[in-house]
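Okay, so here's the structure we're looking at.
Read-outs: derived from the displayed coordinates by stated rules, not from any lab. Predicted model only: the values in this text are computed from it and were never measured. Note: ideal-geometry Cβ built from the backbone for every residue, glycine included; neighbour counts use all protein chains shown.
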Amino acid sequence: MRAFHSGMILPARLIRFVLPALLVILAGLVLVALATGDMPLSAARVWAGLRHGDSVAATIVWQMRMPRILSAILVGAALSSAGLVMQAYFRNSLANPGLLGVSSGGAAGAVIAIAAGWASVSLWFLPLSAIAGAVAATGGVLILARHGASTERLLLAGVALNALLGAVTSYVLSQYIGLYERNAQILFWLLGGLEDRTWEHVAIALPIVAAAALLWPLGRSMDLMSLGVSEAQSLGVDVRRVRRQMLALATVLTAVATAVAGAVGFVGLVVPHILRLLVGPEHRRLVPLSLVGGAVFVLACDIAGRMAGGLRLGIITSLIGAPFFLWLLRRLP
Amino acid sequence: MNFLDLKDATVPGRLDNVTLGLPRGKLIGLVGPNGAGKSTLLRVAAGILPAEGSVAWNGRLLAGISPLERARCTAWVPQEAHFEFGFSVRSVVAQGRYAHGDDESGVDETLARFGLAALAGRPVNRLSGGERARVLLARAIVTEAPLQLWDEPLAPLDPRHRLEVLVLARELAQSGSTVFLSLHDLSLASSLDILAVLCETRLRAIGSPGEILTPDLLLDVFGVRASTAPSLNLELP
């Protein structure tokens, strides 16, 4: 059997080039994303727009494309690193950020906000309702799984909550079947996407930067947590504190990403997996790589979706993610 | 002073009022039938399973010791380990230095000592059971913790590696550490300094192997009849 979530396929001497390579790819993708769209811009006009030398180009670059690009980068980094954290937490490479109901809580919150008409009152209401829903869902899981919150209990509570919140979302959706416009808005949101993102959305996504910074030093502890609680504890990890931190950070990252981009699937599963195959399982390496790798994946998917005539981000990531997941299942020992 | 003191340690249904003290510099065996509570006792002693009663290391109550300091005082080898992710053998052994700021001190020497140098780059989830058991032992040794708690470290090992591990354990004890290990092989157990016998979650007896491994106790606790007929005796060349 070839390397499957065990060995790495890159020779050790190449591993340190992965992060610079990803950063170069990300920079390239940013330039491509600035130039492509309904109104294609030449490299010269992008440059002029960036320096405010060309007012039309400047508007397109700074008001339309840049917020969307930054949203894609932040959302990708958040979902991918949240997936990495969940996989270490549950010691399962198939864990994903939505496992504990954070995403479906966010979806339920957003759908209720749209259905109730709050979303049209202010730009801030939809994302804030999504965050409120996500946080409520996590709170629900933690309460359901109290008393030390064993892994199995957390998982089962997550399964139950996901089902419950899915039902809430479907119920709301079914109640507005006649109201085409609101239903379309809900559906639009549930498909996940980065259209019309503004600087306000970038501002909403800023907690992702803080969470990523807090995640950075946890890499080594996550290595040990992935061995199991007893082993981590015997090797000196403050298990209760690190578990709390991991859950809190994964929740914030997922909730904020969901609030900004809607329900975007599979990023948190695919990106950490590919990176683990490339560079091995050590989280000190994987944390920075998953942040940048997730940004690259989501930005590339968003560009691909735009080029394919406005295919939604959530559809593209799943179109790539789901076949990968099936391939993975087939390769499981 | 004892290195480890358990007083009325109780885990409901798994361990019942166990009081014992383990002196410094001894090689101590823990024997008992399946389900007697050996793993539970070792986990309680390692401070990773909360228990009623008290656990003290070197006279200090376990509850008052920080996680990092605990890891520098004691090393625990689990009976079996599940590695979801394929860390290299070397990086698993180096995890033993987490509580020492990941300084990697002694990692390569210990790998060599356990015959693992050639496997250092191999993913740990692609090793045989015996190789993995040696990796876990190497990680425990690398911690340099003076209290070593090993849960059936010998069971997956071949005869030669068993003897090597016992020699190593003896060296650790001679250098002042306390090695407390559970095992099923009573003839190996008879070569240790002290034996503790657990039976049905209670401490049945503790003392030198000569006092403990009497025909009566063997029949009563293990349901086996002892004979002193000539047997195969293995030692390192």
Whole-number D in µm² s⁻¹ for region B:2-222, Kirkwood Cα-pair radius fed into Stokes-Einstein, 37 °C, 0.692 mPa s: 186 µm²/s
Within-13-Å neighbourhood charge of A:I15 [Cβ basis; K, R +1; D, E -1]: +4
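Only helices at least 24 Å long along their own axis, judged from Cα atoms, and with Kyte-Doolittle mean hydropathy of 0.5 or greater: name those in chain A from DSSP H.
Those that pass (Cα extent of 24 Å or more, hydropathy at least 0.5) are A:18-35, A:66-89, A:125-144, A:151-175, A:239-261, A:283-307, A:313-331.
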Region A:135-246 shape via C-alpha gyration tensor axes, a/c threshold 1.5: oblate
Neighbour-count ranking [beta-carbon atoms within 10 angstrom, fewest first] of B:I206, A:I25: A:I25, B:I206
Gaussian network model of chain B, springs between alpha carbon atoms under 10 Å - residue of B:F180, B:F85, B:F114 with greatest fluctuation: B:F85
Region A:116-146 versus region B:162-237: alpha-carbon centroid distance in Å: 60 Å
Ratio Rg/Rh, restricted to chain A and using Cα atoms, in which Rh is the Kirkwood radius: 0.98
Most mobile of A:G140, A:G101, A:G117 in a GNM of chain A (Cα contacts under 10 Å): A:G117
Percent of beta bridges antiparallel (DSSP, chain B, rounded to nearest 5): 55 percent
Listed residues A:L10, A:W47, A:V242: farthest to the positive end of the dipole of the protein assembly as shown (Cβ charges): A:W47
Label point distance in nm, A:R241-B:R170, each placed 7 Å from Cα along Cα→Cβ: 4.2 nm
Length-normalised contact order of chain B in % [C-alpha pairs under 8 Å, at least 6 apart]: 27 percent
Cα centroid of region B:52-66 to Cα centroid of region A:255-333, whole Å: 46 Å
Rounded Å value of the spacing that divides the Cα centres of region A:159-217 and region A:6-77: 24 Å
Residue exposure sequence - B:D193, A:D223 - by fewest surrounding Cβ within 10 Å: B:D193, A:D223
Cα principal axis extents for the protein assembly as shown, largest first, Å: 95, 51, 42
For B:R160, A:R13, B:R43, order by how many other beta-carbon atoms lie within 10 Å, fewest first: A:R13, B:R160, B:R43
J(HN,Hα) series, region B:210-227, from Karplus relation 6.51 cos²θ - 1.76 cosθ + 1.60, nearest Hz, glycine and proline x: x, 6, 7, 7, 8, x, 4, 5, 4, 5, 6, 7, 9, x, 10, 9, 8, 9
